[in-house]
Amino acid sequence: MELLALLLFISIFILILYGYPVAFTLGGISIIYALTFLEPTAFSALPQRIMGVMSNYVLLAVPLFIYMGIMLEKSGLAESLLETMAMLFGKMRGGLAISVVIVGALLAASTGIVGATVITMGLISLPTMLKRGYQPELATGTIAASGTLGQIIPPSVVLVLLASVLSVSVGDLFKAALLPGLLLVMIYILYIAIVAFFKPEYAPSIPEAEIQAFRAEGFWWKVLQAFVLPLLLITAVLGSIFAGLASPTEAAAVGAFGATLLTIIQGKFNFTVLKAVMRETTHLTSMVFWILLGATTFTLVFREMGGDTYLIHLIESSNLSAMTFLFLVMLVVFIAGFFIDFIEIIFIIVPVVAPIFLEYDIDLIWIGILLALNLQTSFLSPPFGFALFYLKGVAPEGVTTQHLYRGIIPFVIIQVIFLGLIIFFPEIIYVFM
């Protein structure tokens, strides 16, 4: 029976790789295995589990954060941010690329949706960077890496889902992710500054006349609109969580309302925009929850078959150390990220390995941060990184896949080194907790 549980896991993985819908594959194959190999009473707990998912107050944060991100995308905020930040850092070599990283971090803290951020940044900043003489590799690498910061910088949908699956506090996971996210932004900026110093032709500065012309007309009002207002929104969302004034779900509602206000201030709010945002929010939320319901069915059947007990016994009998098992899990997640989306990895792989980490007495908050960083790295890694596909889809003519691959490799190396840093110095994540 235990081997059948592993066969169930492998069957689902193979069918997803073949392109079958994730939600229905997870639930459908699990039910077929249960009907074939288990007693009918095995399903008695399923309705209760499904209702537990649907009534989970914490998961209400998912549609609210998605709404917040899509509304900010429609508001034109990213364009204003990039334009203003570019002029603030314009005199520096590599200033435009540094602006892209900072804006990517701000959008990550505002939206938490990788695809939307990468596409938005690619459409707005890539043509500008190429026009100003930036090396295509540096430009594409910077945009793709900055766009995936939404995986680790709170409030992140990835962190909300990980907290749900690992049964840890969303607020604690947000606090733990804050410093790693900020450090990663600083390392990206440092890398760009070093490249610009040694290879100034790769990242030229913006002409002084252009900067002066931008600053001549209502400069500080532009800074207020583009920079201060989003910061206030981020502070309201994260500050209320960290100060204990609001739960993550309540803070997500504040963020959704604040994003709507910012769109009104930008003069971009109308019924058409609201309808589009609500449609996209409903679509993404429905997808997440269908996968979650399928994953709930899979987890129940897998455990009824004794799959989790068998895996724990297998690990114990093989005398694997905690670090060796952690390395194996990180490797599997990294490779899986080439082929399937982060939501599927969270709902398929994480529930299987979480009980084993508990057996090793490993802090699941730390595991959550490592998984988020790992998923971010796999989003960037050639040849199948999702962020690269998003960016290639909106890149101007002349930007090749080779440019994207060569440009992202230094950032992937940074990510891997940084992941190792968090593994060997876990105290980094506890600074704000």
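Since every read-out is calculated from the coordinates, none of them should be taken as a lab result. Treat the numbers as computed from the prediction; the structure is a model and nothing was measured. Positions of Cβ are generated from backbone atoms using ideal geometry, with glycine treated the same way; all protein chains shown enter the neighbour counts.
Things to note:
- Against the chain, whose longest principal axis is taken from its Cα atoms, helix 170-198 shows a tilt of about 40°.
- Nearby lysines by direct alpha-carbon distance to LYS91 (threshold 25 angstrom, same-chain neighbours under 8 apart not counted): LYS131, LYS199, LYS222
- Per-residue extension of 0.36 nm, minus the Cα-Cα distance of LEU314 and SER55, leaves a gain of 89.7 nm for this segment.
- Rg followed by Dmax, in Å, when region 367-433 is reduced to its Cα trace: 14.6, 47
- For the peptides 46-56, 367-377, the ranking by packing is 367-377, 46-56, with the highest mean count of neighbouring Cβ atoms within 10 Å listed first.
- Helix 77-88 axis versus longest C-alpha principal axis of the chain: approximately 50°, rounded to the nearest ten.
- Calculated mean residue ellipticity, 222 nm, the chain: -25000 deg cm²/dmol, from DSSP H runs (n ≥ 4) at -39500 (n - 2.57) each, averaged per residue and rounded to 500.
- Computing Rg and the Kirkwood Rh from the Cα coordinates of the chain gives a ratio, Rg/Rh, of 0.99.
- Calculated P(r) tail over 16 Å for region 153-201, as whole % of Cα pairs: 52 percent
- For LYS275, a cut-off of 26 angstrom between C-alpha atoms picks up these lysines, skipping any fewer than 8 places away in its own chain: LYS74.
- Measuring between their Cα centroids, region 1-46 and region 149-200 lie 34 Å from each other.
- Given R0 = 56 Å, the distance between the Cβ atoms of VAL223 and THR36 translates into a calculated FRET efficiency of 0.30.
- Rounded Å value of the spacing that divides the Cα centres of region 280-294 and region 366-398: 21 Å
- Rounded tilt (10° steps) of 22-37 against the dominant C-alpha axis of the chain: 10 degrees
- Sites excluded, GluC sites (Glu not before Pro) in DSSP loops with at most 14 other C-beta within 10 Å, longest stretch of the chain: 1-216
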